[in-house]
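The values are calculated or read from the model by the stated rules, or taken from the named source; none is laboratory data. Predicted model, so just to flag it, every value in this text is computed and none were measured. Cβ sites come from the backbone with ideal geometry, for glycine too, and all protein chains shown count toward neighbours. Ligands, DNA and RNA are stripped out before the accessible areas are found, and what is left, the full protein with its side chains, is counted by its heavy atoms. Shrake-Rupley method; radii C 1.70, N 1.55, O 1.52, S 1.80 Å.
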Amino acid sequence: MNAAHGHESSDMRTRILGVAEGLFRHYGFDKTTVADIARELGMSPANVYRFFASKLAIVEAIAERMFQERHRVNMAIFSSEAAASERLRRLLVENHRLSVETWTADRKVHDIVEVAMTQNWESIEHHLGQLADVIEELIRQGTASGEFDVPDARRAAVCVRQAYVSMIHPSLIVQCADDRERADAEELAEFILRALRGR
């Protein structure tokens, strides 16, 4: 009974998130209420609150799903057969492309992620940590193969992530869009790889 109940609860959470994301994308985060979500699902707001404590909790769960999907993409790149330096380049450039495509092309999706970012939720920290972990392991592999010359892979990974943040942070992508001297994703990735190669 407990397993069945847990499965039903998971299914209902998934349904709520799907409907909420659809409404957020259509009407925007600010204009969508928990009552709207409940109405779309044919249930009472109280029933929605059984699964999520607030509208912000729903947004956090939606953002977490987005980050999980991004991590799956990153792991696919990490697991591919290519030199470590080439995989790192692909990781950086692809994360920029997906950030532009997923988080900034649609203003309402941008708002969802922006809310998550401003709340500084645990899912954001977890996502950034996962990204640094993948970069760190690629740097370790590249150092072992002689592609990179890096004494501290973890600190280098954090520096890479920090240097590239303007290419993957939704707000910075939008704010820097009009900067005519701004490096593009490929140029910045190459700059980072040259730094990792050392002498």
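Taking the Cα centre of the range 152-199 as origin, sum charge times position over the Cβ atoms of Lys and Arg (+1) and Asp and Glu (-1), and report the length of that vector in debye to the nearest 20.
400 debye
Could you do me a favour and compute the accessible area per residue for the range 142-198, 1.4 Å probe, result in Å²?
Here the per-residue accessible area is 60 Å².
Roughly how many debye, to the nearest 20, is the charge dipole of the chain about its Cα centre, given +1 on each Lys and Arg Cβ, -1 on each Asp and Glu Cβ, and no other charges?
180 debye
With angles folded into 0 to 90 degrees, how steeply does helix 107-119 sit against the dominant principal axis of the chain? Use alpha carbons for both and round to 10.
80 degrees
Of the accessible area of the range 36-88, with the probe set at 1.4 angstrom, what percent is carbon plus sulfur?
Result for the range 36-88: 51 percent of the exposed heavy-atom area is carbon or sulfur.
Quick one: pull the percentage of alpha-carbon pairs in the range 4-101 with a separation above 23 Å.
42 percent
Would you mind putting 140-147, 62-69 in packing order, based on average other-beta-carbon counts within 10 Å, highest first?
Per-residue mean Cβ counts within 10 Å order the peptides as 62-69, 140-147.
Taking only Cα atoms, what is the 0 to 90° angle, nearest 10, from helix 55-79's long axis to the longest principal axis of the chain?
Long axis of 55-79 versus the principal axis of the chain: about 30 degrees.
Quick check: the angle from helix 84-98's long axis to the longest principal axis of the chain, C-alpha only, nearest 10 degrees?
40 degrees
Give me the one-decimal Kirkwood hydrodynamic radius in Å for the range 24-169, with the sum taken over alpha-carbon pairs.
Kirkwood radius, the range 24-169: 17.0 Å.
Of 111, 152, which has the most accessible area and how do the rest follow, probe 1.4 Å?
Solvent-accessible surface, decreasing: 152, 111.
Give me the 1.4 Å probe accessible area per residue for the range 50-140, excluding ligands and nucleic acids, in Å².
It amounts to 46 Å² per residue over the range 50-140.
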